[in-house]
1. What pairs come up if the first residue lies in the range 361-377 and is over 18 Å from G246 (Cβ atoms) and β-branched (V, I, T), the second is open to solvent by less than 10 Å² (accessible area, probe 1.4 Å) and in a helix (DSSP H, G or I), and their beta carbons are under 7 Å apart, counting only those six or more places apart or on different chains?
2. Given the criterion out of contact with any helix residue (DSSP H, G or I) (no Cβ under 8 Å at 6 or more places or on another chain), among the β-branched types (V, I, T) and in a loop (DSSP other than H, G, I, E, B), identify the matching residue among T225, T220, T237.
3. Testing L202 on (1) open to solvent by 10 Å² or more (accessible area, probe 1.4 Å); (2) hydrophobic (A, V, I, L, M, F, W, C); (3) not in a loop (DSSP other than H, G, I, E, B), one condition comes back false. Which one is that?
4. Here is a check on your reading of the model: is A105 among the small types (G, A, S), under 25 Å from C264 (Cα atoms) and within 16 Å of the ligand (Cβ to nearest atom)?
5. Hey, among L50, L87, which residue is assigned to a helix (DSSP H, G or I) and of a type outside the set (S, T, Y)?
6. What pairs can you find where one residue is in the range 100-128 and buried (at least 21 other Cβ atoms within 10 Å of the Cβ), the other is part of a helix (DSSP H, G or I) and not small (G, A, S), and their Cβ atoms are less than 7 Å apart, with a gap of 6+ or different chains?
7. Exactly one condition in (1) surrounded by 16 or more Cβ atoms within 10 Å (Cβ to Cβ); (2) more than 18 Å from the chain's Cα centre (by Cα); (3) not aliphatic (A, V, I, L, M) is not met by E173; state its number.
Amino acid sequence: MTNATKPFDALMDITARPQTVFVRGEGSYLWDDGGRRYLDFIQGWAVNCLGHSPPVLARALADQAKNLITPSPAYYNDKALVLAKALVDKSCFDQVFFANSGAEANEGAIKLARKYGALHKDGAHEIITLEGGFHGRTLATMSASGKKAFEPLFEPKVSGFPKAQLNDLASVERLINDRTVGVMLEPIQGEAGVWPATDRFLRELTTAHGVLLILDEIQTGFSRTGKLFHYEHAGITPDIMTLGKGIGGGVPLAALLSTQAASCFEHGDQGGTFCGNPLMCAAGLAVLLHVSAPAFLKSVTDTGLYLEGELQRLSVRHGLGEVRGRGLLLALDLKMPIAASVVGQAFEQGVLLNAPKPDTLRFMPALNVAREEVALMIDCLDGVLTRMGAARRVA
Ligand SMILES: Cc1ncc(COP(=O)(O)O)c(C=O)c1O
């Protein structure tokens, strides 16, 4: 027996969505069930780093599905071992725990830091996080987030996450005390509207005060900003890092990475039924081989600079604000609360854009997006902004 009368009603209504149903994706494009094509600059929320359904990922999944899907987390499997070793070899970290979502990886990072505090810092457990930060939607990661809209929700929150300000070392220092075990932040605050931490701020945090530096690279990692991991831009070695989104190229895979010194879980502290299953790890391996190639990283930087330049040109032409971000995680400040309307009109034109704030557009295309596709998106945005400007002048 069901009360759901229309197909949409059978899903919990957790966000406003257009009643369009997507059925196919390829590269930078999605198709709906009516055969209409959309140019996608959201890409699963900065997830599909090689675009929709890349053959290399489809092949890796199909091959692995024929061999072994889940032997149980009580046993090792070949793909988890190879992917963990590859991540360790390509980073400053020594050990990896695989998870299924960014929030779960961050939850693991919080637990690892608290365990470290219990073992080595006399029970210190507070983790300083930042206003505007976003770390996920589990209870602890919502509590760690500095998102205003979360504040009244699901009380009481998990305690132990005092909030400092981005790029303000003094605001971090004011919060450090005997209870502090770490500082956790995104190198670029994505959900808040693409606000980068300066390389200097990141460097200052590593040298400051003997607390663990926990970087949430769920949005910035896996080559999104032109380096495999964003921390490389600042030339630092964090203690703990989390990855999600791009690591699976579109499938649910995430990871918690730690230096030897901070890697202190004991048996029973951490786990999960699907954590490190070979199907997802095979996907992660296929993605990693592609996105870590020097030529690929260079193309992300080059295309990012091209997109940035084109957005700056639009900004000047339409009297808008700054372009922020790095690589292929960029935002355009519209200086007016018109972002939802721009997104709606672009959707009508068959272009998918994201508005993290009422006055901000965010661009997170596939990392292999073609320049012609960037140019098509820019043309569409130019047209939308021109029509809106004309409409404002008439009004
Ligand atoms: C920086 C950051 N951390 C954590 C998360 C949560 O990841 P997930 O949605 O996979 O749980 C997100 C998702 O947008 C994110 O951008």
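The values are calculated or read from the model by the stated rules, or taken from the named source; none is laboratory data. Since this is a predicted model, take the numbers as computed values, not measurements. Quick reminder, even Gly has a Cβ in these numbers, built from the backbone with ideal geometry, and neighbours come from all protein chains shown. Accessible surface areas use protein heavy atoms only, side chains included; no ligands, DNA or RNA. Shrake-Rupley method; radii C 1.70, N 1.55, O 1.52, S 1.80 Å.
1. V374/L307
2. Going through T225, T220, T237 in turn, the sole match is T220.
3. (1)
4. Here the answer is yes, as A105 does meet what is asked.
5. Among L50, L87, only L87 is assigned to a helix (DSSP H, G or I) and of a type outside the set (S, T, Y).
6. G102/K245; A103/T141; N106/T141; E107/T141; I127/I110; I128/V172
7. With respect to (1) surrounded by 16 or more Cβ atoms within 10 Å (Cβ to Cβ); (2) more than 18 Å from the chain's Cα centre (by Cα); (3) not aliphatic (A, V, I, L, M), E173 is out only on (1).
To keep it simple, each residue is scored yes or no on (1) among the small types (G, A, S); (2) within 13 Å of the ligand (Cβ to nearest atom); (3) out of contact with any Cys (no Cβ under 8 Å at 6 or more places or on another chain).
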residue: D178; (1), (2), (3): no, no, yes
residue: G182; (1), (2), (3): yes, no, yes
residue: G190; (1), (2), (3): yes, yes, yes
residue: G210; (1), (2), (3): yes, no, yes
residue: D239; (1), (2), (3): no, no, yes
residue: S263; (1), (2), (3): yes, no, yes
residue: G268; (1), (2), (3): yes, no, yes
